[in-house]
Amino acid sequence: EDKVVQSPLSLVVHEGDTVTLNCSYEVTNFRSLLWYKQEKKAPTFLFMLTSSGIEKKSGRLSSILDKKELFSILNITATQTGDSAIYLCAVERNNDMRFGAGTRLTVKP
Amino acid sequence: NAGVTQTPKFQVLKTGQSMTLQCAQDMNHNSMYWYRQDPGMGLRLIYYSASEGTTDKGEVPNGYNVSRLNKREFSLRLESAAPSQTSVYFCASSVDTPGTGELFFGEGSRLTVL
């Protein structure tokens with residue numbers, strides 16, 4: 001059965017720390033992997049990864065995909081309290097998108 | 001610039017009651033989706049619609065029905081609500097066929113079934 005597994009499930013850090021969030025997957029008909037950030041309400045899009053080894057970067061956030069080992073990581077450097085959220089990993093297959101359970105990140109001042 | 005709009009935002013039902021969650025998008029997207037989100041479970045796909053007039057089951061369709069009324073609107077109906085359907089429901093849309101790009105989400109509808 002297809003699955004997307006995120007780790008850790010929750011993480012508490014202090015401002016300024018660097019964090020790495022993990023997403024591993026086993027899906028048929030893989031198309032791409034996406035990362036979303038969910039604060040209080042709707043998930044918002046961060047990155048879409050389709051090729052191995054190519055880092056996507058946006059400010060302090062970056063992500064990379066390894067299609068051989070079937071995982072992706074999301075890095076956040078110099079964390080801020082505004083980074084506190086649930087980070088969702090999703091894998092696109094034919095016809096739909098399968099989500100992981102999410103990592104709840106809490107950044108303390 | 002509304003994006004994806006869901007109503008209602010909150011609803012409390014008694015077991016056995018029925019209700020419909022409404023969703024509309026103004027981005028001219030072809031595909032629309034209904035997800036539910038439960039603690040520790042992530043987002044799970046209930047139903048999706050790749051185009052007007054078509055609907056398909058997702059991962060957890062039991063107990064739900066959907067209607068793609070037109071290109072803009074996609075509704076989710078609970079015919080006989082059960083406590084296991086207590087959840088936060090998200091409607092989403094995407095430009096093209098499912099599995100080909102970013103999803104745009106509504107703000108969610110919190111449903112409690114007593």
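Throughout, read-outs are computed from the coordinates displayed, never taken from laboratory work. As the structure is a computational prediction, the values presented were derived from the model and not from experiment. Here Cβ is always computed from backbone atoms with ideal geometry, including for glycine, and neighbour counts include all displayed protein chains.
Laid out as a table, the results:
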item: Per-region count, region B:1-33, residues in contact with a Gly (Cβ under 8 Å, 6 or more places away or on another chain) and within 14 Å of chain A (Cβ to nearest Cβ); result: 9
item: Where residue A:1 falls short, out of the listed (1) within 13 Å of another protein chain (Cβ to nearest Cβ); (2) more than 30 Å from residue B:5 (Cα to Cα); (3) under 13 Å from the mean Cα position of the chain (by Cα); result: (3)
item: Elements of type strands (runs of 3 or more DSSP E) in region A:5-109, at least 1 residues being over 30 Å from residue B:7 (Cα atoms) and more than 9 Å from every other protein chain (Cβ to nearest Cβ); result: A:10-14, A:19-26, A:43-49, A:56-58, A:61-66, A:71-76, A:103-108
item: Residues within region A:12-44 that are among the aliphatic types (A, V, I, L, M), within 20 Å of residue A:60 (Cα to Cα) and buried (at least 17 other Cβ atoms within 10 Å of the Cβ), tallied; result: 4
item: Any hit, region B:57-72, residues being crowded, with 18+ Cβ neighbours inside 10 Å, among the aromatic types (Phe, Trp, Tyr) and over 12 Å from residue B:89 (Cβ atoms); result: no
item: Matching residues in region B:82-100 - criterion: being of a type outside the set (Gly, Ala, Ser) and at the interface with another protein chain (Cβ under 10 Å from one of its Cβ atoms); result: B:88, B:90, B:91, B:97, B:98, B:100
item: Lone unmet requirement of (1) within 14 Å of the chain's Cα centre (by Cα); (2) farther than 21 Å from residue B:42 by Cβ; (3) of a type outside the set (D, E, K, R) for residue A:72; result: (2)
item: Residue B:44 vs. criteria surrounded by fewer than 21 Cβ atoms within 10 Å (Cβ to Cβ), within 14 Å of chain A (Cβ to nearest Cβ) and of a type in the set (Lys, Arg); result: yes
item: Of the criteria (1) within 11 Å of chain A (Cβ to nearest Cβ); (2) within 11 Å of the chain's Cα centre (by Cα); (3) free of Cβ contacts under 8 Å to residues at least 24 places away in the same chain, which one residue B:59 fails; result: (2)
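Here's the yes/no breakdown for (1) within 14 Å of another protein chain (Cβ to nearest Cβ); (2) within 27 Å of residue A:48 (Cα to Cα); (3) without any contact (Cβ under 8 Å) to a residue 60 or more places away in the chain:
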position: B:67; (1), (2), (3): no, no, yes
position: B:75; (1), (2), (3): no, no, yes
position: B:80; (1), (2), (3): no, no, no
position: B:102; (1), (2), (3): yes, yes, yes
